[in-house]
1. Restricting segment 121-142 to residues that are of a type in the set (Ser, Thr, Tyr) and not in a loop (DSSP other than H, G, I, E, B), which is modelled with the highest pLDDT?
2. For residues that are out of contact with any Leu (no Cβ under 9 Å at 6 or more places or on another chain) and either among the hydrophobic types (A, V, I, L, M, F, W, C) or under 13 Å from residue 79 (Cα atoms) (or both), scanning just segment 99-109, find the one that is modelled with the highest pLDDT.
3. Please determine, by comparing only the residues of segment 73-93 that are buried (at least 21 other Cβ atoms within 10 Å of the Cβ) and assigned to a loop (DSSP other than H, G, I, E, B), which one is modelled with the lowest pLDDT.
4. Would you confirm whether or not segment 48-55 contains a residue that is at pLDDT below 90 and either touching a Lys or Arg at 6+ places or on another chain (Cβ under 7 Å) or not in a loop (DSSP other than H, G, I, E, B) (or both)?
5. Please state which of the following conditions residue 145 fails to meet, knowing it meets all the rest: (1) modelled with pLDDT under 90; (2) out of contact with any Asp or Glu (no Cβ under 6 Å at 6 or more places or on another chain).
6. Restricting attention to segment 30-47, and to residues there that are at pLDDT 65 or above, assigned to a loop (DSSP other than H, G, I, E, B) and on the phi < 0 side of the Ramachandran plot, which single residue is surrounded by the fewest Cβ atoms within 10 Å (Cβ to Cβ)?
7. Would it be correct to say that residue 62 is at pLDDT below 85, hydroxyl-bearing (Ser, Thr, Tyr), under 20 Å from residue 138 (Cβ atoms) and in a loop (DSSP other than H, G, I, E, B)?
Amino acid sequence: MSEFDGTPDHVFVDGDILPGDVKAFWIGAPNHGEMVLHWKSQMGNQMLICGDAIYGQSSSGSFDGGPENFWHQTEGIRLYCQGRVEEAEMRGRYDCLLDLDFKSILNGHNPKSIDQDPKGALLRVLREGVYERHPNGSTYLWLDLSQGQGIFSSS
């Protein structure tokens, strides 16, 4: 029997408050796991914990000499949805995050959080980001915060 066998005694859904006063926001399509957590510490600091839903920035050369994948940009922000998602729907899934207060975005796959105007960065990628469909079947909104460019075709 593995740790994943069995039935959960509680399933959290979009909008639920998890233990530790963490609010869950479901971003993904049905049966996909893009979830964003909004956490407010006892000291008042607020942040988004995003996993794969938002890929953020990395420092150049920070992957111990290994090859950097396309989502390892140094100046960008990339919103992710598994599968083919239409542009307007994808932008709409992330809009709910703009109503939150937060001072940092802890993001997936990259070691560097987004701390410089994270809400402004999210707003910019939602309004100006390039809509991209990667050959692997994933959909992205991507914005190089220094250039305003994407790297894949939108078709």
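The values are calculated or read from the model by the stated rules, or taken from the named source; none is laboratory data. The structure presented is a predicted model; accordingly, all values stated were derived computationally and were not measured. Quick reminder, even Gly has a Cβ in these numbers, built from the backbone with ideal geometry, and neighbours come from all protein chains shown.
1. Kept after step one, since they are of a type in the set (Ser, Thr, Tyr), are these residues of segment 121-142: 131, 138-140.
Filter again for not in a loop (DSSP other than H, G, I, E, B), leaving 131, 139-140.
Details: 131: 91, 139: 84, 140: 83.
In this case the residue turns out to be 131.
2. If we take residues in segment 99-109 being out of contact with any Leu (no Cβ under 9 Å at 6 or more places or on another chain) and either among the hydrophobic types (A, V, I, L, M, F, W, C) or under 13 Å from residue 79 (Cα atoms) (or both), then 108 is modelled with the highest pLDDT.
3. Here the answer is 73.
4. Taking segment 48-55 as the starting set, the residues that turn out to be at pLDDT below 90 are 50-55.
Among the residues that remain, those that are also either touching a Lys or Arg at 6+ places or on another chain (Cβ under 7 Å) or not in a loop (DSSP other than H, G, I, E, B) (or both) are: 54-55.
The answer is yes; a qualifying residue exists.
5. Unmet for residue 145, out of (1) modelled with pLDDT under 90; (2) out of contact with any Asp or Glu (no Cβ under 6 Å at 6 or more places or on another chain): (2).
6. Checking each candidate, the answer is 43.
7. no
Listed here are the residues, each with its yes/no results for (1) under 21 Å from residue 41 (Cβ atoms); (2) acidic (Asp, Glu).
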position: 80; (1), (2): no, no
position: 87; (1), (2): no, yes
position: 93; (1), (2): no, no
position: 102; (1), (2): yes, no
position: 108; (1), (2): yes, no
position: 118; (1), (2): yes, no
position: 129; (1), (2): no, no
